[in-house]
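Only one structure is covered here, and it is reproduced in the block below.
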Amino acid sequence: MDLNWSDADLAFRDEVRAFLQETLTDEIRDAGRLMTSVYAQHDAAMKWQAILHAKGWVAPAWPVEYGGCGWSVLQRYIFTRERVAAGAPPVSPMGVQMCGPALIGYGSDQQKAYFLPRMLSGEHFWCQGYSEPEAGSDLASLQMEALDDGDDLICTGTKIWTTHADEANWIFCLVRTSREDRPQKGITFVLIDMTTP
């Protein structure tokens, strides 16, 4: 196995290094350095996402037609390695890494056209609604229900451990839409505007 990088790989690495050197501010580097989880300080992280968005580098793993970079696995590795070495924080994972791929794989064309660009720009900042009191991470025990009233899904229940819900304006939730023979059935992935009553 050849573990040497090609000239093209090295050129890409140098392009990434130059971009990071040129665009990273002390505030953004501090946000990366002071991270205690997968999130950086919100304001600095959003400034970083705006810089990446202007460059077209917010979602390296997404297909190009949805705003991704078209990078190989090695290029994504090089970018991540250089980003970490430079002290830049990652983009919040809830939208770009969790909700976005689900929409790309299973969403309607209308959903993709509406949500994906706003996810990339940071206009929509996401949190997740999986865990519940008395259920924790046991998703088969979900109790939050979503009932279709003909116009809307009426969701009732509680979610916990919704990291950055105080910053988010959208949440993706797993909710129970039916009670079938097994508790793993009847669970639906729902996108909810956080201003919804």
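Key figures for this structure:
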quantity: Pairs, first touching a residue at least 12 places away in the same chain (Cβ under 8 Å) and within 27 Å of Gln184 (Cα to Cα) in the stretch 112-131, second among the acidic types (Asp, Glu) and surrounded by fewer than 20 Cβ atoms within 10 Å (Cβ to Cβ), C-beta under 9 Å, six or more apart; calculated: Cys127/Asp166; Cys127/Glu167; Ser131/Asp138
quantity: Residue match in the stretch 178-192 (condition: assigned to a loop (DSSP other than H, G, I, E, B) and surrounded by 16 or more Cβ atoms within 10 Å (Cβ to Cβ)); calculated: no
quantity: Residue selected from the stretch 96-142 under the condition among the small types (Gly, Ala, Ser) and at pLDDT below 95, by the criterion farthest from Val16 (Cα to Cα); calculated: Ser141
quantity: Residue check for Ile171: at pLDDT 90 or above, within 24 Å of Gly100 (Cβ to Cβ) and not in a loop (DSSP other than H, G, I, E, B); calculated: yes
quantity: Enumerated helices (runs of 4 or more DSSP H) restricted to the stretch 53-149, each holding at least 3 residues that are of a type in the set (Gly, Ala, Ser); calculated: 100-106
quantity: Residues of the stretch 163-177 satisfying the condition of being more than 19 Å from the chain's Cα centre (by Cα) and open to solvent by 40 Å² or more (accessible area, probe 1.4 Å); calculated: Thr177
quantity: Filtered residue count, the stretch 1-52, keeping only those that are surrounded by 15 or more Cβ atoms within 10 Å (Cβ to Cβ), part of a loop (DSSP other than H, G, I, E, B) and in contact (Cβ under 8 Å) with a residue 60 or more places away in the chain; calculated: 2
quantity: Residue within the stretch 132-143 that is open to solvent by 30 Å² or more (accessible area, probe 1.4 Å), touching a His at 6+ places or on another chain (Cβ under 7 Å), of a type outside the set (Val, Ile, Thr) and in contact (Cβ under 8 Å) with a residue 12 or more places away in the chain present; calculated: no
quantity: Search result, residues across the stretch 150-166 that are assigned to a loop (DSSP other than H, G, I, E, B) and among the aliphatic types (A, V, I, L, M); calculated: Ile160, Ala165
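The values are calculated or read from the model by the stated rules, or taken from the named source; none is laboratory data. Source: prediction; values computed, not measured. In this analysis, Cβ positions are derived from the backbone assuming ideal geometry, glycine residues included, and neighbour counts consider all displayed protein chains. Accessible surface is based on the protein model in full, side chains and every heavy atom, while ligands, DNA and RNA are left aside. Shrake-Rupley method; radii C 1.70, N 1.55, O 1.52, S 1.80 Å.
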